[in-house]
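A quick write-up on the structure given underneath.
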Amino acid sequence: MYSKSDITFALTLGALCGQSLGFWPFSAFASASSDTDTIVKRVAIIGAGAGGASTSFHLQKFAALSGTAVDITVYEKSSFVGGRSTTVDAYDDPTQPVELGASIFVEVNEILKNATELFGLPRASRNNDDDNYLGIWNGKEFVYTQKGGGWRNVAKLLWKYGLAPIRTQNLMKKTVGKFRQLYTPPFFPFRSLSDRAFDLGLTDATSITGEQLLEANNIGAPFSTDIIQASTRVNYGSNLATIHGLETMVCMAIEGAMSVEGGNWQIFNSMLKASNATVNLNTTVTSIKKSKGKYILAVSDTNEHPSSLSERSSSFDTVVLAAPFQFSNIELEVDLLKKTPDKIPYVQLHVTLFTSTEKLSPRFFGLQTDEIVPDSILTTLPPDTAAPSDPTKGVGPTGFFSISTLRTLVNPKTLQKEYLYKIFSPKKVTAAFLFDLLGTDALPEDLSMISQESGHAVSWYYPKVWYSYPYELPRVTFEELELAQGFYYTSGIESFISTMETSALMGMNIAQLIVDDYLQVQDVKSQVVFSEKMVDEL
């Protein structure tokens, strides 16, 4: 989840410097007699986030180019599309949407960027970045601050950290350059992410921690711990000692930050509409089995009481699970899958949005009362604090990963100007924490009692807990893309790189594989029919 403060980093660091079908793991001949009898291929996609929407959009596109007819149905257990890229309304006012999850994407995110242009989605206007005041706090002091971008901050970075910023920029470009080859032949499409990562030399970065990758490239403290670690914490809730090297470099690829006015979820909503898919919101897939070469999905209304649960079933030629397997809670027929995805630890991220007439208290951050507190505050560990080996305990003495002052609003009830804040933390924000943060005790102990007219220092409060992304621990193998014949999985890419863009990339990749597999089966059937005809003629 990129933050507003990444834009300032981008301004500063940016100033520095034929398709391979692969091996089909299942027998085409086993399907030739049954799975190709239906002229229109029915595809079920479970999940309407970035991966599911991209799969649907690109599947319709690739199928049309190949002359393959598809009928796509999307099931989403939530009441909205977009997954973790969703908005809520400040003051419950629909004219004041606030990103609750994935806030921005960047210039190199070509699927998302191209989609905004294709669908005519307006980019959100940014506050004047020259006025943005960024600070990185270690729980004791601000180790780095900067206002806006420009050459003065470049000079400041180089004076304070030497050549480390330039080395980091060069390493990031080299690493991201390798990754971007996944978009084009001969590396696209890919049937094994593990194999492709190895082919491109990316496992050299995923097999070690960010700390190790940086040290191997002569990038060390304090730049690594002050600047880079602040970015890995705000984006992935992890320190350099535990996050793998590839995701560390992704955190520094922040040039050209952008977002869609009204919410990034509109990208995925537009993809689904363009795919002509049937989208079923508030619908949970409860079980999947296979019968006569078809997948049978049982679904029910998400909000239906268990005692009155009524299931209905539909059959499909192909299934795409576009959500983490371990959170899907789908009952699968025994031995349905040839490979079951491993259960991996996910970051439990508490996102807290709130509005207040109060500015952040200088005393909370150890400043004098007349000193100005930065608008965007990232955090890191103090030099005398070693990063815990357990990533779930890595927040350190700051207690949070970031606090951002997003913008000012007018409370529609009181007509007072208020500040809109966003906090990322590993634990629930308490009233005591907000007392200290705002320097006021005008708050109820029970934050759920806050209302616009209550007279409290906080007038609107919205907490959300996400299982936002995996802990990106070093590894060299990643989940299979096809868990059984005709059963595909997008979320294996999350332990490789977890962003809206990479989920969209995996959706595009799987869409191409589905079409390729349909064509391969059809080709096999044609060969069988031709052979039978030759035998008859003999």
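The values are calculated or read from the model by the stated rules, or taken from the named source; none is laboratory data. Predicted model only: the values in this text are computed from it and were never measured. Here Cβ is always computed from backbone atoms with ideal geometry, including for glycine, and neighbour counts include all displayed protein chains. The protein model used for the area step is the full one, side chains on, heavy atoms only, and it has no ligands, DNA or RNA in it. Shrake-Rupley method; radii C 1.70, N 1.55, O 1.52, S 1.80 Å.
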**Request:** Select the strands (runs of 3 or more DSSP E) contained entirely in the stretch 305-356, then report the ones holding at least 1 residues which are hydroxyl-bearing (Ser, Thr, Tyr), more than 13 Å from ILE288 (Cβ to Cβ) and touching a Pro at 6+ places or on another chain (Cβ under 7 Å).
**Result:** 346-356
**Request:** For the stretch 342-364, indicate whether the set of residues that are within 30 Å of PHE478 (Cα to Cα), among the basic types (Lys, Arg), open to solvent by 10 Å² or more (accessible area, probe 1.4 Å) and modelled with pLDDT of 95 or more is non-empty.
**Result:** yes
**Matching residues in the stretch 405-418 - criterion: being open to solvent by 30 Å² or more (accessible area, probe 1.4 Å) and not hydroxyl-bearing (Ser, Thr, Tyr)** = LEU406, ARG407, VAL410, PRO412, LYS413, LEU415, GLN416, LYS417
**Complete:** Of (1) of a type outside the set (Lys, Arg); (2) surrounded by fewer than 24 Cβ atoms within 10 Å (Cβ to Cβ); (3) more than 30 Å from THR95 (Cβ to Cβ), THR248 satisfies every one except (2)
**Request:** Check the stretch 218-236 and report whether any residue there is assigned to a helix (DSSP H, G or I), more than 26 Å from TRP466 (Cα to Cα) and hydrophobic (A, V, I, L, M, F, W, C).
**Result:** yes
**Request:** Could you list all residues from the stretch 394-422 that are under 21 Å from the mean Cα position of the chain (by Cα) and more than 17 Å from ASN132 (Cα to Cα)?
**Result:** GLY394, VAL395, PHE400, PHE401
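Can you report the number of residues in the stretch 195-217 which are more than 19 Å from ASP516 (Cβ to Cβ) and in a helix (DSSP H, G or I)? Walk me through it before giving the result.
First pass over the stretch 195-217, keeping only residues more than 19 Å from ASP516 (Cβ to Cβ): 197-198, 200-217.
After this cut, where a residue has to be in a helix (DSSP H, G or I) as well, the list is 197-198, 203-206, 210-216.
Matching residues across the stretch 195-217 total 13.
Can you say whether ASN264 is touching a Phe, Trp or Tyr at 6+ places or on another chain (Cβ under 8 Å) and buried (at least 17 other Cβ atoms within 10 Å of the Cβ), as far as the supplied structure shows?
It is true that ASN264 is touching a Phe, Trp or Tyr at 6+ places or on another chain (Cβ under 8 Å) and buried (at least 17 other Cβ atoms within 10 Å of the Cβ).
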**Item:** Hits in the stretch 430-451 (condition: among the polar types (S, T, N, Q) and either assigned to a loop (DSSP other than H, G, I, E, B) or at pLDDT below 85 (or both))
**Value:** THR430, THR440, SER451
**In the stretch 444-467, residue farthest from ARG363 (Cα to Cα) [restricted to those that are open to solvent by 20 Å² or more (accessible area, probe 1.4 Å) and aliphatic (A, V, I, L, M)]** = VAL465
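Does LEU473 fit the bill of being surrounded by fewer than 24 Cβ atoms within 10 Å (Cβ to Cβ), more than 21 Å from the chain's Cα centre (by Cα) and modelled with pLDDT of 95 or more?
Working: surrounded by fewer than 24 Cβ atoms within 10 Å (Cβ to Cβ): yes; more than 21 Å from the chain's Cα centre (by Cα): no; modelled with pLDDT of 95 or more: yes.
No, not satisfied.
Take the residues in the stretch 494-515 that are in contact with a Pro (Cβ under 7 Å, 6 or more places away or on another chain) and in a helix (DSSP H, G or I); name whichever of them is farthest from VAL70 (Cα to Cα). Explain how you work it out, then say what you get.
Narrowing the stretch 494-515 to residues in contact with a Pro (Cβ under 7 Å, 6 or more places away or on another chain): 494-495, 498, 509, 512-513.
This time we only want the ones that are in a helix (DSSP H, G or I), so: 494-495, 509, 512-513.
Working: GLU494: 27, SER495: 30, ASN509: 17, GLN512: 13, LEU513: 14 Å.
Restricting to residues being in contact with a Pro (Cβ under 7 Å, 6 or more places away or on another chain) and in a helix (DSSP H, G or I), the top hit is SER495.
Restricting the search to the stretch 340-364, which residues are out of contact with any Gly (no Cβ under 9 Å at 6 or more places or on another chain) and within 26 Å of TYR236 (Cα to Cα)? It would help to see each step written out before you state the result.
First, pick out the residues of the stretch 340-364 that are out of contact with any Gly (no Cβ under 9 Å at 6 or more places or on another chain): 340, 342-346, 350, 352-357.
Answer for the stretch 340-364, where residues must be out of contact with any Gly (no Cβ under 9 Å at 6 or more places or on another chain) and within 26 Å of TYR236 (Cα to Cα): THR340, ASP342, LYS343, ILE344, PRO345, TYR346, HIS350, THR352, LEU353, PHE354, THR355.
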**Fill in**
The condition of being over 30 Å from LEU272 (Cα atoms) and in contact with a Lys or Arg (Cβ under 9 Å, 6 or more places away or on another chain) holds, among TYR161, TYR133, only for TYR133
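What are the residues in the stretch 469-479 that are touching a Pro at 6+ places or on another chain (Cβ under 8 Å) and part of a loop (DSSP other than H, G, I, E, B), if any? Can you show your working first?
At the first step, the residues of the stretch 469-479 found to be touching a Pro at 6+ places or on another chain (Cβ under 8 Å) are 470-471, 473, 479.
Within the stretch 469-479, TYR471, LEU473, GLU479 qualify.
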**Output for the stretch 193-206, where each listed residue is of a type outside the set (A, V, I, L, M), buried (at least 17 other Cβ atoms within 10 Å of the Cβ) and out of contact with any strand residue (DSSP E or B) (no Cβ under 6 Å at 6 or more places or on another chain)** = SER194, ARG196, ASP199, THR203, ASP204
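So, in the stretch 267-286, exactly how many residues are open to solvent by 50 Å² or more (accessible area, probe 1.4 Å) and either over 19 Å from ARG84 (Cβ atoms) or charged (D, E, K, R) (or both)? Break it down into steps so the answer makes sense when it comes.
Kept after step one, since they are open to solvent by 50 Å² or more (accessible area, probe 1.4 Å), are these residues of the stretch 267-286: 273, 276, 278-279, 281-282.
This time we only want the ones that are either over 19 Å from ARG84 (Cβ atoms) or charged (D, E, K, R) (or both), so: 273, 276, 278.
Final tally of qualifying residues: 3.
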**Message:** Among the numbered criteria (1) within 25 Å of SER402 (Cβ to Cβ); (2) aromatic (Phe, Trp, Tyr); (3) assigned to a loop (DSSP other than H, G, I, E, B), which one does PHE268 miss?
**Reply:** (3)
**Matching residues in the stretch 419-429 - criterion: being open to solvent by 20 Å² or more (accessible area, probe 1.4 Å) and either part of a loop (DSSP other than H, G, I, E, B) or on the phi > 0 side of the Ramachandran plot (or both)** = PRO426, LYS427, LYS428
